[in-house]
Amino acid sequence: MKNNSPFKFIKLYRWKSIFFRYLFSSFLIILAIFIPYNIVIWTYYNYVMEKEITRQSTTVTLKSREIFDLLTSEFFADYRLASNSASVQAFLNSDAPSEETVFNCRDMITSMTSDSDIIEEAFLYDLSTGDVLSSSTGLTKEPSGYNWTYTYASTKLPFMMFPRKVCSDTFNTLYICSEINNSRDFPMGVFCAKLNYSKFVDIVKKSFEEEPDRIFIVSDIGLILYSDEPELINTIMFEHGDIYAAFNSARQVEGNSIFYDDTIISVAKSTPSHLLLMSYNSRSNFIKDFSNLKMLLLLGGVSIFILSFALALYISLRHYHSVAVIMDSLNDPEKLSQNKNELLSEFFYISHTIADISQENTNISSELDEKIAALKKYQIAALQAQINPHFLFNTLQLINLSILKEVKKDIAATRLISLLSNLLHYSYDTEHYTVTVREEIDHALKYLEIQKVRYKDRLCVLSDISVECNGFETVKLILQPFIENSIIHGLKGKTEEWLISFRCYPEDGSIVYEISDNGRGIPPADLLRLNTSIERLHSDTPGSIGILNIAQRLRLVFGSQCSLHIESQEGQGTTVILKHKAVNSLSEHLGRFPSDKK
């Protein structure tokens, strides 16, 4: 037993030893028992933390929204005053308003600016006449002189807010515009307020108890009115993927927070102004009083690791001792034979099983030697069988010469024998699996010539072979089987003239073969099944084995650069369309095969 000491084998095989395999597997099993506890605690920790962060961030943003609403409420109060004013109605409904009307309107909008700390100028824009009344410059006929009229004319939105750079390189003006409708709810004018952009930004920032890492104010059409990054101001939200998701979510929710990487994005919707207030904060800004829980989880994880390792070590040593017992038993065959009918323990049962398997392997090895010897006999017989085709070719040539010697001239019989000899030689030549397109076509035409001798004028053959195809190479015996199918399955039994049309032409770097007949055609269900079998290279129908053989050989040589399709109509005939890549040398195309050129 000392020779099979566990520590001897541990030292010999080190990390590859069975001991370490047991150790690792046992360690993983024990960890699998204790880890769910940590997962539950960690999941609860993250759930509570995210809930708290979401609540805090959303609450801060909603409070800021309330202050923001107070800011815009001043504009809406002025807008309601203007839209309900009789003077404004008279100004917008008249093509030439009186001086009194103009004075009253200007006096009203001037008082709006004087009573406000943020509104610098107010405007009334008559849509029918194009007149613009300004609290600062009075009435003008040139609305294009005001930058905001361009924006309204291009959008025609009933309400909009947008920043502008007026005589400055930075944004210094914020316009708020809203349409004034008549009694039929049709827009007849626009009330617009020009706000100081800097004061607007100060109010927004001061509305937060603690200024967020980033702030966005976005209109309902996705226009960014304010951002900490100046290059983003007055751009469209969907151009910035990291904040567009939050924008879309907030459009349907009053208050919401979204986690994005290590950032929490809080959004609040201002209903009167149709604006979204979005604040970005780092998750670390909100995480407080969670350090004790983290330490508890860390200590728990370390404790579980140490306990798991100790248990895995104990279990592994016990298992490795069992392996040593089995090895000791196998090294003492007499002990096994003495206890063959009395299994002392499961370890001796394992030993007996191993011994039985070893004996079975010996028997299998002997049987395999016998089968290898038989296989060699079959190989010798197969090599001898290759002599038979050569004997057949020589015999046919001898018969052909004998007939010529007797009749002193060529007759149909000698021609048929010569054609048959050529066909057999072409078919049984296993040395070359590729041929030129011309050779393959000649083989098919020779077969047709034999059939014409048999069926005489009943069979008509039309061929159209492009000389451009002759030099390319193809796979042997891919055309004659389809011609044979046309005669046997398509034309046989037909009383009218038999017609077989054979075409070969180049097309877009490929060689296309078309074989057509005017036979009885193929039923639609059988045609669908046949084309499906060709596509899948598998069929349960014995009659399509020859066609599948051709498809498989083409796929092996040309891969996806070949196709085989059959078209047919009952009572009108069948057309086989075969196509493969035009290749000058298949041996170079395939690379791994030797050259097969004749």
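The values are calculated or read from the model by the stated rules, or taken from the named source; none is laboratory data. Predicted, not measured: the structure shown is a model, and the values here were computed from it. Heads up, the Cβs are rebuilt from the backbone with ideal geometry, glycines too, and the neighbour counts pull from every protein chain shown. Note: areas computed on protein heavy atoms with side chains; ligands, DNA, RNA excluded. Shrake-Rupley method; radii C 1.70, N 1.55, O 1.52, S 1.80 Å.
Would you confirm whether or not segment 111-132 contains a residue that is open to solvent by 20 Å² or more (accessible area, probe 1.4 Å) and over 24 Å from residue 173 (Cβ atoms)?
yes
Taking the conditions exactly as written (at pLDDT below 85, touching a helix residue (DSSP H, G or I) at 6+ places or on another chain (Cβ under 8 Å) and farther than 14 Å from residue 83 by Cβ), does residue 201 satisfy them or not?
So residue 201 fails the test.
Return yes when residue 162 is closer than 18 Å to residue 75 by Cβ, modelled with pLDDT of 90 or more, open to solvent by less than 50 Å² (accessible area, probe 1.4 Å) and not β-branched (Val, Ile, Thr) and no when it is not.
When the stated conditions are applied, residue 162 does not pass them.
For segment 415-461, how many residues meet the condition of being of a type in the set (A, V, I, L, M), modelled with pLDDT of 85 or more and closer than 12 Å to residue 483 by Cβ?
Adding up the residues that qualify gives 6.
Matching residues to (1) surrounded by fewer than 17 Cβ atoms within 10 Å (Cβ to Cβ); (2) under 45 Å from the mean Cα position of the chain (by Cα):
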{"site": "194", "(1), (2)": "no, no"}
{"site": "197", "(1), (2)": "no, no"}
{"site": "200", "(1), (2)": "no, no"}
{"site": "206", "(1), (2)": "yes, no"}
{"site": "213", "(1), (2)": "yes, yes"}
{"site": "219", "(1), (2)": "no, yes"}
{"site": "225", "(1), (2)": "no, yes"}
{"site": "229", "(1), (2)": "yes, yes"}
{"site": "236", "(1), (2)": "yes, yes"}
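Taking segment 172-185, which residues are within 24 Å of residue 200 (Cα to Cα) and open to solvent by 40 Å² or more (accessible area, probe 1.4 Å)?
Of everything in segment 172-185, just one residue is within 24 Å of residue 200 (Cα to Cα) and open to solvent by 40 Å² or more (accessible area, probe 1.4 Å), namely 172.
Please tell me if residue 76 is of a type in the set (Phe, Trp, Tyr), within 30 Å of residue 202 (Cα to Cα), open to solvent by 20 Å² or more (accessible area, probe 1.4 Å) and touching a residue at least 12 places away in the same chain (Cβ under 8 Å). Can you show your working first?
On the way: of a type in the set (Phe, Trp, Tyr): yes; within 30 Å of residue 202 (Cα to Cα): yes; open to solvent by 20 Å² or more (accessible area, probe 1.4 Å): yes; touching a residue at least 12 places away in the same chain (Cβ under 8 Å): yes.
Answer is yes for this residue.
Among the residues of segment 585-597, are any out of contact with any Lys or Arg (no Cβ under 6 Å at 6 or more places or on another chain), surrounded by 11 or more Cβ atoms within 10 Å (Cβ to Cβ) and modelled with pLDDT of 90 or more?
There is no residue in segment 585-597 that is out of contact with any Lys or Arg (no Cβ under 6 Å at 6 or more places or on another chain), surrounded by 11 or more Cβ atoms within 10 Å (Cβ to Cβ) and modelled with pLDDT of 90 or more.
Output yes when any residue across segment 76-84 is at pLDDT 90 or above and of a type in the set (A, V, I, L, M, F, W, C), and no when none is.
Yes, that holds for at least one residue.
Whether any residue in segment 241-263 is hydrophobic (A, V, I, L, M, F, W, C), at pLDDT 70 or above, within 36 Å of the chain's Cα centre (by Cα) and open to solvent by less than 40 Å² (accessible area, probe 1.4 Å) is what I want to check.
no
Which condition from (1) modelled with pLDDT of 90 or more; (2) farther than 17 Å from residue 437 by Cα; (3) under 36 Å from the mean Cα position of the chain (by Cα) is the one that residue 499 breaks?
(3)
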